[in-house]
Amino acid sequence: LVGKKPAGIIVDNLNRKAFISNPGSHNVLEIDFLKKSKKFYESGPSPTSIFLTKDKTQLFASNWYDNTVSLIDLKKDKIIKKIVVGNSPAGIFVDYENNNLFVANRESNSVSVVDISKLKEVKRIPVESAPFGVFSEPYINFVFVTNVQSNSISLIHKKNLNVIKNIKVEKWPYQVAYDKENNKLYVTNQRSNSISIIGMKKKKVIGTIDDVCEYPEGIDISYNENLIIVACWFEDNIILLNLDTNDLV
């Protein structure tokens, strides 16, 4: 068992730990697989997304109900800073190279940029309607933001912190997975039961996988197995797609 209404999860592979945000119980759970132990940390009201700092000793948590991001010190077991951002902060991503934290503010239609050395918001970037997820990888120049109600993806350049393009997809985009080997972006469209495929060279939709399942949400890629993994909210299952052909496995 974890806390109430678990939402976000992040894994510390180095220390063999997993962290789960629990919006219903206003805390974050740490599971230590080596010690086979569990520990709860106070976070703030309704933590939605979480992200570890580079040294794995601290953790950021977006607090949906008080428009802040908490920085939790895992060794001292306390919140050391609450950073004010926009309304209803949801997805977060830390860009270690440029020392910035990106926060999707769903009810402000914006993305906050927090300087993690100063622990304060340095810019608020307007995006489209109801941004929820924020995704990227260390080896790409962009942050991808899913704008749920405008059915679009905003591409924010990591260095100049500007939106370079808004790409229309299908209904209610929720999460993305970047295929580094083929330079493609896969986007789950919750209300269209589909996945949009964006070619990053021209930054436009190059295909759609229709009738994936009912309400696809989470998505990731396994290069070892050559698979796209999709979590289907209304079907209580996951599906596996071939990464090369996009066919159901």
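Model label sites at K159 and V122, defined 7 Å from Cα along the beta-carbon direction, differ in position by 1.5 nm. Cross-link partners of K17 among aspartates and glutamates, defined as those whose alpha carbon lies under 14 angstrom from its own and excluding same-chain residues fewer than eight positions apart: E30, D32, D55. When only Cα pairs below 8 angstrom with a gap of at least 6 residues are kept, the stretch 1-128 shows a relative contact order of 14 percent. Taking trypsin sites (Lys or Arg not before Pro) across the stretch 74-129, the ones in a DSSP loop with at most 15 further Cβ atoms lying within 10 angstrom of their Cβ are K75, K76, K118.
Note: relative contact order over the chain, using C-alpha pairs below 8 Å and six or more positions apart, is 7 percent. Of the trypsin sites (Lys or Arg not before Pro) found in the stretch 1-57, those that fall in a DSSP loop while having at most 14 other beta-carbon atoms within 10 Å are K4, R16, K35, K36, K54, K56. Rounded to the nearest 20, the Cβ-based charge dipole of the stretch 62-159 about its Cα centre (Lys and Arg +1, Asp and Glu -1) stands at 320 debye.
Listed by chain and number, the lysines whose C-alpha is less than 19 Å from the C-alpha of K82, apart from same-chain residues fewer than 8 away, are K54, K56, K118, K120, K123.
Qualifying chymotrypsin sites (Phe, Trp or Tyr not before Pro) in the stretch 1-64, where qualification requires a DSSP coil assignment and no more than 12 other C-beta atoms within 10 Å, comprise F33. The lysines within cross-link reach of K184, meaning a Cα-to-Cα straight distance under 23 Å and a gap of 8 or more places when in the same chain, are K158, K159, K165, K168, K171, K201, K202, K203, K204.
In plain terms, the chain is cut at each of the GluC sites (Glu not before Pro) found in a DSSP loop with at most 14 other Cβ atoms within 10 Å, and the longest leftover piece is 1-96. One compactness figure for the stretch 63-136 is 1.05, namely its Cα radius of gyration divided by 2.2 N^0.38 Å.
Relative contact order for the stretch 115-171: 25 percent, from Cα pairs under 8 Å spaced at least 6 residues apart, divided by residue count. One chain, two ends: Q149 and K202. Fully extended at 0.36 nm per residue, the span grows by 16.7 nm beyond their Cα-Cα distance. Counted by Cβ distance under 15 Å from L34, the other residues give a net charge of +4, where Lys and Arg count +1 and Asp and Glu count -1.
Rg and Dmax over the alpha-carbon atoms of the stretch 1-63 stand at 10.7, 30 Å. Its Cα centre serving as origin, the stretch 89-232 has a Cβ charge dipole (Lys and Arg +1, Asp and Glu -1) of approximately 740 debye. Considering all C-alpha pairs of the stretch 150-249, those separated by over 18 Å amount to 44%.
Between D247 and R16, the simple label model (points 7 Å from Cα in the Cβ direction) yields a spacing of 4.0 nm.
Here, each number is a calculation from the coordinates, and none is a lab measurement. Model, not experiment: these values are computed from the prediction. Reconstructed Cβ throughout: ideal geometry from the backbone, glycine too, with neighbour counts over all protein chains shown.
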